[in-house]
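A quick write-up on the structure given underneath.
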Amino acid sequence: MKKSTFVSMILGTIGGILFALGMCMALIPEWNAFRPGVIMGALGIVVLLIMLLVWRKMENKEPIKLSGKTIGATLIGIIGALLLGVGMCLTMVWSHMIAGIAIGIVGIVVILCLIPFIRGLK
């Protein structure tokens, strides 16, 4: 295993755990830890961004260039993930089965649209 892969694996695990625990702290009302949860989630995001920068530096890759296509792909991914999450919440939390399934499928289709958007069709 390359050193850059190992470092990114460790930092990614730490960042992911911090982010997930922070979101649980913020979103589970029984824990009464909204503010510390937001802080921990933000710390997890910072660790994940540091992991990305460290990995790119260790692999001698050039910095990510912000273009319209990069921003568009990011927005498509965010919208698809949010639609999928809303569909899951409608189904599992609020017992709106049909609407939740329909919105979840739309979210999956939006996420799948990322493949031809990024790679292109040949």
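Using Cα pairs under 8 angstrom and six or more residues apart, how large is the relative contact order of the stretch 65-122, in percent?
37
Go through the stretch 1-99 and name the trypsin sites (Lys or Arg not before Pro) that are in a DSSP coil and have 15 or fewer other Cβ atoms within 10 Å of their Cβ.
In loop regions of the stretch 1-99 (DSSP not H, G, I, E or B), the sparsely surrounded trypsin sites (Lys or Arg not before Pro) are 2, 61, 65.
If you split all Cα-Cα distances of the chain into 10 Å bins from zero, what percentages do you get per bin, shortest first?
13, 24, 38, 21, 4, 0
I need the calculated FRET efficiency for the pair residue 106 and residue 69, taking r as the beta carbon distance and R₀ as 25 Å, to the nearest 0.05.
The pair residue 106/residue 69 has a calculated efficiency of 0.65.
What 222 nm value per residue comes from the helices of the chain, counting each DSSP H run with n ≥ 4 as -39,500 (n - 2.57) and dividing by all residues, nearest 500 deg cm²/dmol?
Taking each H run of at least 4 residues, the total per residue is -27000 deg cm²/dmol.
Can you put 59, 30 in order, fewest other beta carbons within 10 Å first?
30, 59
Give me D for the stretch 65-122 in µm² s⁻¹, whole number, from Stokes-Einstein with Rh from the Kirkwood sum over alpha-carbon pairs, 37 °C and 0.692 mPa s.
Reported coefficient: 274 µm²/s.
Using 7 Å Cα-to-Cβ label points, what is the residue 57/residue 43 separation (nm, one decimal)?
Taking the simple label geometry, residue 57 and residue 43 are separated by 2.1 nm.
Treating only the Cβ atoms of Lys and Arg (+1) and Asp and Glu (-1) as charged, compute the dipole magnitude of the chain about its Cα centre; round to the nearest 20 debye.
600
Which three numbers, in whole Å and largest first, are the semi-axes of the equivalent ellipsoid of the stretch 1-73 derived from its Cα gyration tensor as √(5λ)?
29, 17, 8
Any read-out appearing in this document is the output of simple, stated calculations on the displayed coordinates, not a laboratory observation. Computed from a predicted model, the values in this text were never measured in an experiment. All Cβ positions, glycine included, derive from the backbone under ideal geometry; neighbour counts span all protein chains shown.
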